[in-house]
Amino acid sequence: MDFTEETATAAVEASFAGTADPRLREILGSLVRHLHGFVREVEPTFGEWEAAVGFLTATGQRCDDQRQEFILLSDVLGVTMLVDAINHRKASEATESTVLGPFHMVESPPRELGDTIDLVGTGQPCVVTGQVRSLDGHPLGGALVDVWQADDHGFYDVQQPGGQPPGNGRGLFTCDDQGRFWFRTVTPSPYPIPTDGPVGGLLTATGRHPYRPAHIHLIVAAGGHLPVTTHIFVDGSPYLGSDAVFAVKQSLVRDFTEIDDPGQAAAYGVEAPFRHASFDVVLQPAG
Ligand code: BEZ
Ligand code: FE
């Protein structure tokens, strides 16, 4: 039978019929049906097909152990957050997950509770406090809280080697026996995702901005529980309603309250005025 518009999809799907792994066969069949459906709907010219191949080629060329433009593409197309949503259909009380992002690329330095992750000392001081609990409410003493964030100008340490000390904005904290954690930092700022590659070109061509609202990243883990990769978002931050990677969840937005009380500032070892955010984390039991 000729390969025609009418027979194309069934022919390609049938070519994978011998795939031994049933899940791979299912995925390939669905890919072929959706991809052919897309091509039938769009009816690309050969010039457009070449442009698409060029875009994907350029995207691959910006991938190495420091940069992953395909994940960034997945992020700005909402695919990362859709996969996250499908894989974290969680119990309603557990802390919601959100995107990991590309900047958790180095191990966070272990720090003591109350330490600062700000090794530079510019920007408005900020204190973050919280407690890690299980779904039934019992505190998870010894839980690990891995945090990372951009500096007050919106850059991660790994984006400015030589400009920021390694480990700036990062810390691995061990909760006390009541599951409590607290650390000092700078109040985070909104910042753009990397725009110097093909994904930046896509955003420009489509009139989309590249910004993420101000946030602090966390991965929280405790024995016998599912870890959560999440953010604390700053209430009132620009771009909360239009995050370039669609990662905002209302349950993760917190007031970063300004406190101008020298007594409270001294208790946390910061200068007044400072901001305080409280973020409790609830983990689901594993299994
Ligand atoms: C981030 O928040 O670090 C991030 C997430 C997705 C894409 C780029 C950056
Ligand atoms: Fe980030």
Set Lys and Arg Cβ to +1 and Asp and Glu Cβ to -1, take the dipole of the chain about its Cα centre, and tell me which of Gly18, Gln264, Gln131 lies farthest positive. Gln131
Sequence-distant or interchain residues sharing an amide H contact under 5 Å with Arg133, placed H: which? Leu140, Val281, Val282, Leu283
Say each of Thr45 and Arg23 gets a label point 7 Å from the Cα, pointing the same way as Cα to Cβ; how far apart are those two points in nm? 4.3 nm
Quick one: P(r) of segment 141-287 from all Cα-Cα pairs, 10 Å bins, percents rounded to integers, in order of increasing distance. 10, 33, 36, 17, 4, 0
Name the residue from Pro213, Gly163, Val53 whose Cα lies farthest towards the positive end of the charge dipole of the chain, charges +1 on Cβ of Lys and Arg and -1 on Cβ of Asp and Glu. Pro213
Projecting the Cα atoms of Trp148, Ile71, Gly121 onto the charge dipole of the chain, where Lys and Arg contribute +1 and Asp and Glu -1 at Cβ, the residue farthest towards the positive end is Trp148
Explain nothing, just the number: relative contact order of the chain, from Cα pairs under 8 Å at least 6 residues apart, as a whole percent. 21 percent
Within the set Asp255, Asp136, Asp152, GNM on the chain using Cα springs under 10 Å gives the largest fluctuation to Asp136
Please report the relative contact order for segment 151-284, taking Cα pairs under 8 Å with a sequence separation of at least 6, and give it as a percent rounded to a whole number. 17 percent
Could you give the distance between the Cα centres of segment 144-163 and segment 186-214, to the whole Å? 16 Å
How long are the semi-axes of the equivalent ellipsoid of the chain, defined as square roots of 5 times the Cα gyration tensor eigenvalues? Whole Å, largest first. 42, 24, 16
Run the simple label-point estimate for Ala10 and Phe70 please: 7 Å along Cα→C-beta, distance reported in nm. 3.3 nm
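Assigning unit charges at the beta carbon (Lys, Arg +1; Asp, Glu -1) and nothing else, what dipole magnitude in debye, to the nearest 20, does segment 56-131 show about its Cα centre?
Here the size comes out at about 220 debye.
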Name the most mobile residue of Trp148, Trp49, Trp182, meaning the one with the largest mean-square fluctuation, in a Gaussian network model of the chain with Cα contacts below 10 Å. Trp49
For segment 168-287, size of Cβ-based charge dipole, Lys and Arg +1, Asp and Glu -1, in debye: 420 debye
Packing-wise, with mean Cβ within 10 Å as the measure, how do 211-221, 93-103 rank, highest first? 211-221, 93-103
Out of Ala58, Ala20, Ala150, a Gaussian network model of the chain with alpha-carbon springs under 10 Å gives the largest mean-square fluctuation to Ala20
Assign unit charges at the C-beta atoms only (+1 for Lys and Arg, -1 for Asp and Glu), then state the dipole size of the chain relative to its Cα centre in Debye, rounded to the nearest 20. 300 debye
What is the extension gain from Gln178 to Val83, computed as 0.36 nm multiplied by their sequence separation minus the C-alpha to C-alpha distance, in nm to one decimal? 30.9 nm
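No value in this document is a laboratory result; all are computed from the given coordinates. Computed from a prediction, not measured in an experiment: that's the story for all the values here. Positions of Cβ are generated from backbone atoms using ideal geometry, with glycine treated the same way; all protein chains shown enter the neighbour counts.
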